[in-house]
């Protein structure tokens, strides 16, 4: 089988809030197109999309799932994406691979944060968008209310219905086309509404071309072909987002939605992308082929599977390609189309196709494959920072390396999962987008690497510093037969915003030059584990200004020991303080939760910096100590019933308040007494 006509391909991602019916829509499209012989069901655990045991158990999407079908002489490639913010990496990867986005909105709940997030992502990726208002047969479902939410969030003239429902809630019977329905096809109570929507669509159509605009303003009637092309151009430019009404449970409005993909949405040859070096990659069916690897996954039977979108040219099975990022050659073996968990072999694919290929030896997520060096590597995708972290420990001694290598393989497949080593706290840190995300990764680690791990909240990497000046001296003297140990060191310290500076102010040879490096090394060692809570010390200038030595008993070790003691004593006299990491936090929530979230952040010693309305949602920006928001992802989800999300970024270190500092120091002393 070969797929060679790119103009007949439509490639899209289905996104929205969790529980809005995305997966049901994907299953229904497959069934209507004849790609499957029975309709899949999330509740019956027969969905083509949600096929993993975890997804079937939760009745919710965790991974992006790839599907394809034929519809009216066209080929659809589409991706069902998770609605939970914790799995946003899957959605971002899917958006990177598609040509347009279909955002599903629940007709009862209205514009929820998952739909807003999808609209925002599509805008950032410069993707045309369509909105499908689902579940209009439900009690309290209201198409007009959803349109009002969309108008408040994006403006009245951006999101315009192209189909409208006939009937409401249980009496929903069908949808009618705003442009295609005429006269008796339109119920009397909808005539004015349909006329208004049609006028708004025609305004958008006319604005795509000056000649059309002049003819439209002169009252001339435009042909159906001109309207269709103008609407396609308006959707492609993002100046209009078509809104479709429907109900997947009754199969109402879905055929009209699928038809619109053919009529309104772009084919893969229309999308020009900029490469990493700024060159425009103009897709074409001929010439040197190129494909972008937007996702990888570990298959339990065949190993690593790479998922790629063909950008330009045609790629055949068993062909040689070049990894443009690494300069290495790759052998592309059997190409497969994806139908959920089913893999369908294909011999050749063209621009717009989504295919999987196994056992690429040196290619990972974000790499571009090209037929020659004439191709250009595409820019790598940027993913959001993790919002929750855990220290990870091996349950069985000796399995640390096995755990690290297993987690690194998982992180290669999921760029929102990160494994780092904190040299200050000496912990391996696993970070992700939420507790579910982390737990899912640990479950996969156990399945693939056969290891057990223990998760704990990571230690906060506090820092120690001084707020005043201090001096101290220490004489180290030890006699134990033969050569003894002798060194005396006088240190002065003061605050220094430049980070750290060591000053040698010895005059007259009080300490010989050959022992000064030992003094500096002693200072450096003391700064790695400060006297307050065993943390790294920073922002000080340390001066050695006097001392004594012995011709026989002095040594580098003696001077290091004396320096460490002098450092500790001098620091105690210099008004020591603890510093804590401060995070910039942006919390996105529906307006109804603003008061609760505001109060909660204040309770966490947070400082509210400002509030703004973005896409119909409140965005609170605050600075909060890292220690206070270690499990904020879980707390926020609980406080907002899954309607809130947040992102965080390190800003700076700040002095810890006195009462909090006392608690930290006392806890450190208690833990060290237990160890001793």
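Within 27 Å of residue 381 (Cβ to Cβ), at pLDDT 90 or above and not in a strand (DSSP E or B): which single residue out of 76, 95 fits that description?
Going through 76, 95 in turn, the sole match is 95.
Filtering 488, 494, 501, 471 for residues that are in contact (Cβ under 8 Å) with a residue 40 or more places away in the chain, surrounded by fewer than 15 Cβ atoms within 10 Å (Cβ to Cβ), more than 21 Å from the chain's Cα centre (by Cα) and over 25 Å from residue 58 (Cβ atoms) leaves a single hit, 501. Would you mind stating whether residue 400 is without any contact (Cβ under 8 Å) to a residue 60 or more places away in the chain, over 30 Å from residue 497 (Cβ atoms), in contact with a strand residue (DSSP E or B) (Cβ under 6 Å, 6 or more places away or on another chain) and surrounded by fewer than 19 Cβ atoms within 10 Å (Cβ to Cβ)? In short, yes.
Examine segment 566-582 for a residue that is in contact with a helix residue (DSSP H, G or I) (Cβ under 6 Å, 6 or more places away or on another chain) and assigned to a helix (DSSP H, G or I), and state whether such a residue exists. Looking for residues that are in contact with a helix residue (DSSP H, G or I) (Cβ under 6 Å, 6 or more places away or on another chain) and assigned to a helix (DSSP H, G or I), one finds at least one in segment 566-582, hence yes. Residue pairs whose Cβ atoms lie under 6 Å apart, separated by 6 or more positions or on different chains, with the first residue in segment 111-125 and in contact (Cβ under 8 Å) with a residue 60 or more places away in the chain and not assigned by TED's automatic domain parsing to the domain that holds residue 143 and the second outside any helix (DSSP H, G or I) and buried (at least 22 other Cβ atoms within 10 Å of the Cβ), do not occur.
Checked against (1) surrounded by fewer than 23 Cβ atoms within 10 Å (Cβ to Cβ); (2) without any contact (Cβ under 8 Å) to a residue 40 or more places away in the chain, residue 358 passes all but condition (2).
Residue count for segment 301-312 under the criterion of being more than 24 Å from the chain's Cα centre (by Cα) and surrounded by 21 or more Cβ atoms within 10 Å (Cβ to Cβ): the result is 1. Restricted to segment 634-659, and to residues there that are in contact with a strand residue (DSSP E or B) (Cβ under 8 Å, 6 or more places away or on another chain) and in a helix (DSSP H, G or I), the residue that is farthest from residue 616 (Cα to Cα) is 634.
Of note, residue 623 satisfies the criterion of being at pLDDT 95 or above and touching a strand residue (DSSP E or B) at 6+ places or on another chain (Cβ under 6 Å). The set of residues in segment 343-355 that are buried (at least 22 other Cβ atoms within 10 Å of the Cβ) and assigned to a loop (DSSP other than H, G, I, E, B) comprises 350, 351, 352, 353. Quickly run through segment 578-596 and pick out the residues that are over 21 Å from residue 660 (Cβ atoms), in contact (Cβ under 8 Å) with a residue 40 or more places away in the chain and surrounded by fewer than 21 Cβ atoms within 10 Å (Cβ to Cβ). 586, 590, 593, 596, listed by residue number.
Filtering segment 1-37 to residues that are part of a loop (DSSP other than H, G, I, E, B), out of contact with any helix residue (DSSP H, G or I) (no Cβ under 7 Å at 6 or more places or on another chain) and over 20 Å from residue 245 (Cβ atoms) leaves 1, 3, 4, 5, 33, 34, 35, 37.
State yes or no: is residue 81 closer than 23 Å to residue 106 by Cβ and not assigned by TED's automatic domain parsing to the domain that holds residue 633?
Against the criterion (closer than 23 Å to residue 106 by Cβ and not assigned by TED's automatic domain parsing to the domain that holds residue 633), residue 81 qualifies.
Looking at residue 269, is it within 26 Å of the chain's Cα centre (by Cα) and on the phi < 0 side of the Ramachandran plot?
Working: within 26 Å of the chain's Cα centre (by Cα): no; on the phi < 0 side of the Ramachandran plot: yes.
So residue 269 fails the test.
On the given criteria, is residue 238 surrounded by fewer than 18 Cβ atoms within 10 Å (Cβ to Cβ) and more than 23 Å from residue 265 (Cα to Cα)? Here the answer is no, as residue 238 does not meet what is asked. Just one of the listed residues (429, 438) is touching a residue at least 40 places away in the same chain (Cβ under 8 Å), under 24 Å from residue 664 (Cβ atoms), surrounded by 17 or more Cβ atoms within 10 Å (Cβ to Cβ) and out of contact with any helix residue (DSSP H, G or I) (no Cβ under 7 Å at 6 or more places or on another chain), and it is 429.
Right, residue 190: at pLDDT 85 or above, over 34 Å from the mean Cα position of the chain (by Cα) and under 29 Å from residue 24 (Cα atoms) or not? When the stated conditions are applied, residue 190 passes them.
Being at negative phi, in a loop (DSSP other than H, G, I, E, B) and surrounded by 21 or more Cβ atoms within 10 Å (Cβ to Cβ) is a property that residue 522 lacks. For segment 232-244, a residue qualifies if it is touching a residue at least 40 places away in the same chain (Cβ under 8 Å), touching a helix residue (DSSP H, G or I) at 6+ places or on another chain (Cβ under 6 Å) and part of a helix (DSSP H, G or I), and exactly one does: 235. Checked against the criterion of being more than 18 Å from residue 13 (Cβ to Cβ), modelled with pLDDT under 95, part of a helix (DSSP H, G or I) and outside the structural domain of residue 336 (by TED's automatic domain parsing), the candidates 43, 54 yield just one match: 54. Residues in segment 540-565 that are part of a helix (DSSP H, G or I), touching a helix residue (DSSP H, G or I) at 6+ places or on another chain (Cβ under 6 Å) and within 17 Å of residue 464 (Cα to Cα): 564 only. A search for C-beta distances below 7 Å between a residue of segment 552-567 that is outside the structural domain of residue 516 (by TED's automatic domain parsing) and any residue that is in a helix (DSSP H, G or I), counting only pairs 6+ apart in sequence or on different chains, returns nothing. Scanning segment 617-628 for any residue that is in a helix (DSSP H, G or I), without any contact (Cβ under 8 Å) to a residue 60 or more places away in the chain and within 30 Å of residue 151 (Cβ to Cβ) turns up nothing. Scanning segment 417-426 for residues that are at negative phi and either without any contact (Cβ under 8 Å) to a residue 12 or more places away in the chain or buried (at least 23 other Cβ atoms within 10 Å of the Cβ) (or both), we see that the one that is nearest to the chain's Cα centre (by Cα) is 417.
The values are calculated or read from the model by the stated rules, or taken from the named source; none is laboratory data. Not measured: the values here are computed from a predicted model. Note that we place each Cβ from the backbone using ideal geometry, even for glycine, and neighbour counts take in every protein chain shown.
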